[in-house]
Amino acid sequence: MITLSSDFGTPYPAAMKGVLLQQTDARLVDIAHDFPRQDVRTAAFWLREVLPYFPPATHLVVVDPGVGTDRNALVVRAGDHALVGPDNGVLLPAARRLAGEEELETALIDERELGPVEPTTPADSTADSSERASTTRSTTFHGRDLFAPAAAAVHDAETDSLGSLEWLESGTAAVDLELPAAELEGGRAIGEVLVVDGFGNVITNVPGSSLDDRDRILANGQSVPVGATFAAVPAGERLATVGSHGYVELDVNRGRGDDAFGLEPGDRVVLESAEDGSD
């Protein structure tokens, strides 16, 4: 199995799938292709939360603001999984969770040794240059020309024999990305917004246990009820709850929490006990 994740939208993921289908019989599964453009941290968070629910697989990830620059291309072995993508930190949070107690193995892709992707329809020397299929690696689409063929080869080699791939250089340090942790001070938590999902739910980095035994909290000074479900409050009302990822969310039942609380990714969030039930 090969999973695919990117910020490409459409139609670019189809070209990656075309390359994969040329080179492997692996089952292809889309994670998401609508991650916020060039937002490495948001993609890293969602991959960390989603990929552990998959059986052993190769995970192709392309959120790559540095495409075509001197940033490296990376393969990470994490337990029975392998991740392939740019060396910009996007792979590491998910890889650590997939590896569990095992150590990560990282290797850089030698682009010169991997070779370019050939289209199934050869370039026609008599056609206008704008109509010819490219036979050289693009500097702007490494998802198709570099990471897709690398993922196909990694999948077919299986994770326990990556050393057999001559275009991998093992033992090289990778760019890391640590998602920030909240500061907990007694009954007060100081954190930040990690992501806002498609429903407008504001996902913080504050552990859900911070809401234990509380009926209300102050969120940046605003008093809101605590509920186990969205429907714990009437439609259109705000609440704090614990999301499926285990972190505190600031939400609106059938509405958008980001608008109601005026928050976006990276904003500071302070959660503390409400002294009374007033709004």
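The values are calculated or read from the model by the stated rules, or taken from the named source; none is laboratory data. Keep in mind it's a predicted model, so treat the numbers as computed, not measured. For neighbour counting, all protein chains shown are included, and Cβ atoms are generated from backbone atoms with ideal geometry for every residue, glycine included. Heads up: the accessible areas ignore ligands, DNA and RNA and are worked out on the full protein's heavy atoms, side chains in. Shrake-Rupley method; radii C 1.70, N 1.55, O 1.52, S 1.80 Å.
What the table shows:
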quantity: Criterion violated by residue 68 - all others in (1) open to solvent by less than 50 Å² (accessible area, probe 1.4 Å); (2) in contact with a strand residue (DSSP E or B) (Cβ under 9 Å, 6 or more places away or on another chain); (3) not hydrophobic (A, V, I, L, M, F, W, C); (4) not in a helix (DSSP H, G or I) satisfied; calculated: (2)
quantity: Residue in region 228-237 that is closer than 27 Å to residue 45 by Cβ, open to solvent by less than 50 Å² (accessible area, probe 1.4 Å) and not in a helix (DSSP H, G or I) present; calculated: yes
quantity: Region 250-263 residues that are under 23 Å from residue 210 (Cβ atoms), paired with ones that are surrounded by 21 or more Cβ atoms within 10 Å (Cβ to Cβ) and acidic (Asp, Glu) (beta carbon under 6 Å, 6 or more apart); calculated: 257/251
quantity: Selection within region 1-35 - small (Gly, Ala, Ser) and either without any contact (Cβ under 8 Å) to a residue 24 or more places away in the chain or open to solvent by 30 Å² or more (accessible area, probe 1.4 Å) (or both); calculated: 14, 15, 18
quantity: Selected residue (criterion: farthest from residue 229 (Cα to Cα)) from residues of region 197-217 that are hydrophobic (A, V, I, L, M, F, W, C) and buried (at least 16 other Cβ atoms within 10 Å of the Cβ); calculated: 206
quantity: Pairs with Cβ under 9 Å, 6+ apart, first in region 195-218 and farther than 14 Å from residue 238 by Cβ, second surrounded by fewer than 18 Cβ atoms within 10 Å (Cβ to Cβ) and of a type in the set (Ser, Thr, Tyr); calculated: 214/273
quantity: Looking only at region 72-96, and only at residues there that are charged (D, E, K, R) and touching a strand residue (DSSP E or B) at 6+ places or on another chain (Cβ under 8 Å), the one that is farthest from residue 153 (Cα to Cα); calculated: 96
quantity: Residue match in region 159-176 (condition: open to solvent by 50 Å² or more (accessible area, probe 1.4 Å), in contact with a helix residue (DSSP H, G or I) (Cβ under 7 Å, 6 or more places away or on another chain) and assigned to a helix (DSSP H, G or I)); calculated: yes
quantity: Restricting region 76-85 to residues that are open to solvent by less than 10 Å² (accessible area, probe 1.4 Å) and not in a loop (DSSP other than H, G, I, E, B), the residue that is nearest to residue 106 (Cα to Cα); calculated: 76
quantity: Residue count for region 238-272, restricted to those that are open to solvent by 50 Å² or more (accessible area, probe 1.4 Å), under 25 Å from residue 53 (Cβ atoms) and either in a strand (DSSP E or B) or touching a helix residue (DSSP H, G or I) at 6+ places or on another chain (Cβ under 7 Å) (or both); calculated: 2
quantity: Some residue of region 184-196 being on the phi > 0 side of the Ramachandran plot and surrounded by 12 or more Cβ atoms within 10 Å (Cβ to Cβ); calculated: no
quantity: Among residues of region 36-49, those that are open to solvent by 50 Å² or more (accessible area, probe 1.4 Å) and either assigned to a loop (DSSP other than H, G, I, E, B) or among the hydrophobic types (A, V, I, L, M, F, W, C) (or both), counted; calculated: 4
quantity: Residue 224 vs. criteria surrounded by 15 or more Cβ atoms within 10 Å (Cβ to Cβ) and either part of a helix (DSSP H, G or I) or out of contact with any Lys or Arg (no Cβ under 7 Å at 6 or more places or on another chain) (or both); calculated: no
quantity: Search result, residues across region 86-105 that are within 16 Å of residue 60 (Cβ to Cβ) and either open to solvent by 20 Å² or more (accessible area, probe 1.4 Å) or assigned to a helix (DSSP H, G or I) (or both); calculated: 88, 92, 94, 95, 98
quantity: Enumeration of residues in region 212-242 that are closer than 14 Å to residue 271 by Cβ and within 26 Å of the chain's Cα centre (by Cα); calculated: 240, 241, 242
